[in-house]
Amino acid sequence: MYRFILLSVVVIATSCRSIQPDAPTLAPETYIAPTPPPSQIDIPVQVDLKTLYDQIEKNVPTKLNSTGYPGWHQDANCNLHYRWNFWREKLTFTANNNALAINCIGYYQGEGEARPCCWDWCPYVGTGCGMNEPPRQLQLSILSTVNISNSYQVQSNTAVTKLLPINRCKVTTLNFDITDNILSQARGPIDKACKEFDAGMAKFNLRGQVEQVWKTLHTPMAIDTFGFLAFNPTSLRISPITTKGDDLLFSLGATATPTFLLNTANHPTPPKLPDLSKSPKQTGGYSVYLDTRLHYAELTKLVNAQMKGMKFDFGKKHIEVLEVQLSGTGNQKLMIKVNFSGSVKGWMYMTGTPQFDSATKELTLPDLDFDIKTRNVLLKSAKWLFNNKLTNTMRQNAKFYVGDMLATIKQQVQQNLTKSWGNGINTTGTVEAISIRNLFPAQDYLQVSCYLKGNLSAQLKELR
């Protein structure tokens, strides 16, 4: 009787055995946010040259006359005096990089009188050219080069490169050639027009507009639920000037260090606008890390949806999963507590390093395994639970699809980068790629660092 009672107690005690290991103790680690590479932002500037064409057309005289016209102009030679008219066709413009070639055909006609002596009683005998015949022609060419100084000042250098007669004008019966006299007198007003154009161009200064873009890129942009994005440019450079059709094109490039912020409370004011440096045109691109959080309650819900009620058979023994709980350790490891019942009951702890599978867009725990404290308890009381079936099943089910989250981040960032800022300034942004580069299981949430790579440009449509 005594033996039967003892055996019954042993059986009951064995069937009620409980696995209750202590929670893992892992050395705390500090989360170190990854640093993205410097970003390059492109700020293309497009200037409609038609406005400049109109200004040059207006500045270059369309008609010129000899001094004192319609009176006679007395040449240094007392035997000759003459008068002339000049008019031109509409200017034509050909842009090549930062050089603007301006050409036209001009027309002129002249009259002259000559006499054999300088005494007043000597009579003048006159004749002309282009008066009752087609006018004489000349070719006018002007070259203007445009540059931007390191202080954002627009600078042009405009000068006459060609003022040549196509056919010459000889007057009087003595064939006095007044062509060079006409060209010499016409050159002065045209040179003056070139200087006036350069003075007008010097009034254009990009500093005000670029300064607004500079401040805009330093201003945190709200990205809905994810925080604020500030691009933080550090330097500016200018590309060589090119042309396309009637547009003058160049690019301001900015090197930047974008950051995501949870709030804007301590965001510094923009630094002073730096001087421009010279640089070849670069394609604008940015790289930035966005830190977001996945709360363990949501991850726990996903795992329980797949594993709660799952049964594992180990020969004559078995366990059934009652609940799964996820939590952080302040270490690189994520902790999973599995509550179970069956041949034995209680809980066990497993730890694993979260990783991102870019192909499936899933967070996985490929090294998920029993914690050392759980392992020690199982070795003493339930060694049969050491089975690949359990660990492999846990690894397969402890996966979290984050593709929808990444798509939402991409959409929200892209929408907030493309906008108008007023005063002719617009930004256009795209997110070309998004992935997860760093995961850290903090105590209350899983810290997820999303790496975004894309393009950002700011457009200035005109000079002001």
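Once the Cβ-Cβ distance between Thr94 and Asp180 is put in as r, and R0 is 35 Å, what FRET efficiency do you end up with, to the nearest 0.05? Let's see the in-between values first.
Values: r = 28 Å, r/R0 = 0.80.
Computed FRET efficiency for Thr94 and Asp180: 0.80.
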Solvent accessible area, Å² - Met221, 1.4 Å probe, full protein context: 10 Å²
Only four residue types carry charge here, +1 at the Cβ of Lys and Arg and -1 at the Cβ of Asp and Glu. Report the dipole size of the range 126-193 about the Cα centre in Debye, rounded to the nearest 20. 40 debye
Heavy-atom accessible area order for Cys118, Cys129, largest first, 1.4 Å probe: Cys118, Cys129
Helix 207-218 vs. the chain, principal-axis angle (Cα, 0 to 90°, nearest 10): 0 degrees
Compute the Cα gyration tensor for the range 272-366, then decide on rounded, prolate or oblate, letting a ≥ b ≥ c be the square roots of its eigenvalues: rounded whenever a/c is under 1.5, prolate when a/b is larger than b/c in the other cases, and oblate in all that remain. prolate
Top positive-direction residue, dipole computed over the range 346-464 with Cβ charges, set Ala458, Pro366, Leu378: Leu378
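Which entries in Lys244/Lys272; Lys63/Lys170; Lys333/Lys361; Lys301/Lys345; Lys192/Lys272; Lys192/Lys215 show an alpha-carbon gap greater than 31 Å?
Details: Lys244/Lys272 33 Å; Lys63/Lys170 21 Å; Lys333/Lys361 20 Å; Lys301/Lys345 22 Å; Lys192/Lys272 38 Å; Lys192/Lys215 40 Å.
Violating the 31 Å Cα-Cα cut-off are Lys244/Lys272; Lys192/Lys272; Lys192/Lys215.
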So, with points 7 Å from each Cα along the Cβ direction, the Ala359-Ala199 label distance in nm works out to 7.3 nm
Furthest towards positive pole of dipole, Ile425, Ala27, Ile142, structure part the chain, Cβ charges: Ala27
Which of (1) 93, 69, 40; (2) 170, 38, 27; (3) 66, 58, 50 gives Cα extents along the principal axes in Å as computed here? It is (2)
Just tell me which aspartates and glutamates come within less than 20 Å, Cα to Cα, of Lys50; anything on the same chain fewer than 8 places away is out. Glu89, Glu196, Asp198, Asp246, Asp247, Glu462
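Rounded to the nearest 20 debye, what is the charge dipole size of the range 246-334 about its Cα centre when +1 sits on each Lys and Arg Cβ and -1 on each Asp and Glu Cβ? Mind showing how you got there, number by number?
On the way: 10 positive and 8 negative charges, 102 e Å.
Result for the range 246-334 is approximately 500 debye, rounded to the nearest 20.
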For the range 257-327, just say rounded, prolate or oblate: build the C-alpha gyration tensor, square-root its eigenvalues into a ≥ b ≥ c, call rounded for a/c under 1.5, and beyond that prolate if a/b exceeds b/c, oblate if not. prolate
FRET efficiency estimate (nearest 0.05) - Cβ-Cβ, Ser18 to Thr264, R0 51 angstrom: 0.45
Compute the helix-to-body angle for 388-397: its Cα long axis versus the longest principal axis of the chain, expressed 0 to 90° and rounded to tens. 40 degrees
If you count only protein heavy atoms with a 1.4 Å probe, what accessible area per residue comes out for the range 328-463, rounded to a whole Å²? 43 Å²
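Per residue, how large is the accessible surface of the range 37-185? Use a 1.4 angstrom probe and give square angstrom. Mind showing how you got there, number by number?
Details: 7490 Å² over 149 residues.
Ligands and nucleic acids excluded, the figure is 50 Å² per residue.
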Can you give the accessible area of Arg395 in Å² (nearest 10), computed on protein heavy atoms with a 1.4 Å probe? 70 Å²
Given charges at Cβ of Lys, Arg, Asp, Glu: the chain dipole, positive-most of His318, Ala254, Asn232: His318
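Pull out a ≥ b ≥ c, the square roots of the eigenvalues of the alpha-carbon gyration tensor of the range 143-267, then state rounded if a/c is under 1.5, prolate if not and a/b is larger than b/c, and oblate in the remaining case. Display every interim value, and only then the final one.
Working: a/c = 5.88, a/b = 4.49, b/c = 1.31.
Verdict is prolate for the range 143-267.
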Considering only protein heavy atoms, what is the solvent-accessible area of Glu196 at a probe of 1.4 Å, reported in Å² to the nearest 10? 90 Å²
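About the Cα centre of the chain, what is the dipole size in debye to 20, counting +1 per Lys and Arg Cβ and -1 per Asp and Glu Cβ, all else neutral?
Details: 47 positive and 36 negative charges, 420 e Å.
The calculation lands at about 2020 debye.
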Which percent of the accessible area of the chain is formed by carbon and sulfur heavy atoms (probe 1.4 angstrom)? 52 percent
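The values are calculated or read from the model by the stated rules, or taken from the named source; none is laboratory data. Just so we're clear, the structure is a prediction, and the values are computed from it rather than from any experiment. As a convention, Cβ positions derive from the backbone with ideal geometry for all residues, glycine included, and neighbour counts pool all protein chains shown. Side chains included, ligands, DNA and RNA excluded: accessible areas come from the protein's heavy atoms. Shrake-Rupley method; radii C 1.70, N 1.55, O 1.52, S 1.80 Å.
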